[in-house]
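K.L.:
Structure in structure tokens, see below.
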Amino acid sequence: MSIVRFDAVNIRNIQQASIFPSNRINLIAGCNGSGKTSLLEAIHLLALGKSFRTHQIHKVVASGADRLVVFAEYISDNNVSFALGVERSKETTRLRINGCNVGKVAELAQLVPLQLINPDSHQLIELGPRHRRQFVDWGMFHVEQEFFPVWCRFNQALRQRNAALRLGASDTEISVWHSEMSVCADHISDMRRSYVADLIPVARAVVEKLSGITPLDIRFFPGWSGEEQYEHCLNHSIKTDRNLGYTRHGPHRADLSISVGGVQARDRVSRGEQKLIAAALRLSQLELMKIKTRRSCILLIDDLPSELDETHRELFIDYLYKLSCQIFITTTESGLLGDKMEIVDKVFHVEHGNIEEVI
């Protein structure tokens, strides 16, 4: 999977840009504030319909413009060409595949697996369960076809139960949703548990290779006590949930425990090591997706080289070179890559929102 042409209009300080990237390693170089990250943001927006920097689209649209447009031509792993387009404004969202309107961002995301590693990646280790659920569910979405429909069914029933709780409905009216939620929750948790089990050996190998940190352990928690059937848990928690106005337990509260040597990683390793572990975990997802689906992923790396010391930077770049996927790396100075510049296929220089390929 790779982008062969990418166009962006009115993305922050990028008024208009068109690039033809390599299908391997592309370096995006420029000063701070030049528009490097905005280019990655545009690629991310096209694949997922949203920015990774803000939930407010008006902050992404260039000053003085009323909408942004991103467009790309892709070639899939089996050499099928297709085109995606996204137009966003404060009021409207238009998504297109091969010139035809589509209604759901998931249709774009399914076509273009995309992974992001940026300076905030350590949040996977340091912050709350939401980040780790998103991490697992990215893999589930691209590896297990049954996951997304079941997850949508669960969330629909969850919203109905929460609404009933807030309206002060009777126990009988609330429990109407318990059977559907239980069936979906069990299926979701079984799929997640299986995915994490498959990911662990891959993740351990990548983490050790990039950081030398060992032993890494990952444990999955489904979001309710494993000793109790989920439907029983829902029945027993109606009173407390009604007082709170939401459902406390379930797959929407699932989490991972990521530890090193039996101690939570956030308490055991430094911030820099957290970033390395988080980056390695995301790279292991790419490896596992390739094993299970034979599909590759587009990888965005925002300013990571500057986060690493020379030894770990070289290990990381060597690892990227061996990956069979298209990669975009931003940096403030190409010199950070040292003699590893030879692995870069194309270099794009960004200045004041203008992007030019360096020949």
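K.L.:
Relative to the first principal axis of the alpha-carbon coordinates of the chain, what is the inclination of helix 178-211, with its axis defined by its Cα atoms, in degrees from 0 to 90 and to the nearest 10?
P.N.:
40 degrees
K.L.:
Ok, one more. Report the extension gain between residue 54 and residue 102 in nm, rounded to one decimal, defined as 0.36 nm multiplied by the number of residues separating them, less their alpha carbon distance.
P.N.:
15.0 nm
K.L.:
Can you tell me which of 58, 131, 236 moves the most in a GNM of the chain? Springs connect C-alpha atoms under 10 Å apart.
P.N.:
236
K.L.:
Now, a different point. What trypsin sites (Lys or Arg not before Pro) in segment 227-327 are in a loop by DSSP, with at most 10 other Cβ atoms within 10 Å of the Cβ?
P.N.:
Those that pass, being in a loop and sparsely packed, are 294.
K.L.:
What spacing in nm lies between the two simple spin-label points modelled at residue 333 and residue 167, each 7 Å away from Cα in the Cβ direction?
P.N.:
6.3 nm
K.L.:
What do you get for the angle between helix 271-293 and the principal long axis of the chain? Use alpha-carbon atoms, 0 to 90 degrees, nearest ten.
P.N.:
Taking the Cα atoms of the chain, the angle to 271-293 is about 80 degrees.
K.L.:
Another question, if that's okay. Per DSSP H run of at least 4 residues, take -39500 (n - 2.57); add these up for the chain, divide by its residues and hand me the 222 nm value, nearest 500 deg cm²/dmol.
P.N.:
Per the formula, -13500 deg cm²/dmol.
K.L.:
Sticking with this structure for a sec: Report the Stokes-Einstein translational diffusion coefficient (µm² s⁻¹, integer) for segment 163-232, Rh taken as the Kirkwood radius over Cα pairs, at 10 °C with viscosity 1.306 mPa s.
P.N.:
For the chosen part, D equals 106 µm²/s.
K.L.:
Work out how far the C-alpha atoms of segment 119-294 reach from end to end along every principal axis, then list the three figures in whole Å, largest first.
P.N.:
The Cα atoms of segment 119-294 stretch 55, 36, 30 Å along the principal axes, largest first.
K.L.:
Using alpha carbons only, how many angstrom separate the centre of segment 62-139 from the centre of segment 153-183?
P.N.:
31 Å
K.L.:
Starting with the fewest neighbours, write out 71, 220 ranked by other beta-carbon atoms found within 10 Å of each beta-carbon.
P.N.:
So the ranking, lowest neighbour count to highest, is 71, 220.
K.L.:
Between 172, 330, 247, find the one with the highest GNM mean-square fluctuation for the chain; connect C-alpha pairs within less than 10 Å.
P.N.:
Judging by the Gaussian network model, the answer is 172.
K.L.:
Oh, and also: Could you tell me the convex hull volume per residue, in Å³, taken over the Cα atoms of the chain?
P.N.:
Convex hull of Cα atoms, per residue: 148 Å³.
K.L.:
Determine which lysines satisfy two conditions relative to residue 104: a Cα distance under 16 Å, and not lying fewer than 8 residues away in the same chain.
P.N.:
Hits, sequence-local ones excluded: 50.
K.L.:
Can you tell me the length gained on complete extension of the stretch residue 290 to residue 214, counting 0.36 nm per residue apart and subtracting the Cα distance?
P.N.:
That works out to 24.9 nm of additional length.
K.L.:
Another question, then. For residue 141 and residue 190, compute 0.36 nm times the residue count separating them, minus their Cα-Cα distance, and round to one decimal in nm.
P.N.:
Residue separation times 0.36 nm, minus the Cα-Cα distance, leaves 16.2 nm.
K.L.:
Give me the percent of Cα-Cα pairs in segment 230-320 that sit more than 15 Å apart, rounded to a whole number.
P.N.:
It works out to 74 percent of all Cα pairs.
K.L.:
Set Lys and Arg Cβ to +1 and Asp and Glu Cβ to -1, take the dipole of segment 119-294 about its Cα centre, and tell me which of 286, 189, 274 lies farthest positive.
P.N.:
274
K.L.:
What angle do you read, to the nearest 10 degrees and between 0 and 90, between the alpha-carbon axis of helix 147-166 and the longest principal axis of the chain?
P.N.:
For 147-166 against the chain, the angle is about 50 degrees.
K.L.:
Using only alpha carbon pairs under 8 Å that are at least six residues apart, calculate the relative contact order of segment 119-294 and give it in whole percent.
P.N.:
This gives 33 percent for segment 119-294.
Where a number appears in this text, it was derived from the coordinates with a stated rule and is not lab data. Computed from a prediction, not measured in an experiment: that's the story for all the values here. All Cβ positions, glycine included, derive from the backbone under ideal geometry; neighbour counts span all protein chains shown.
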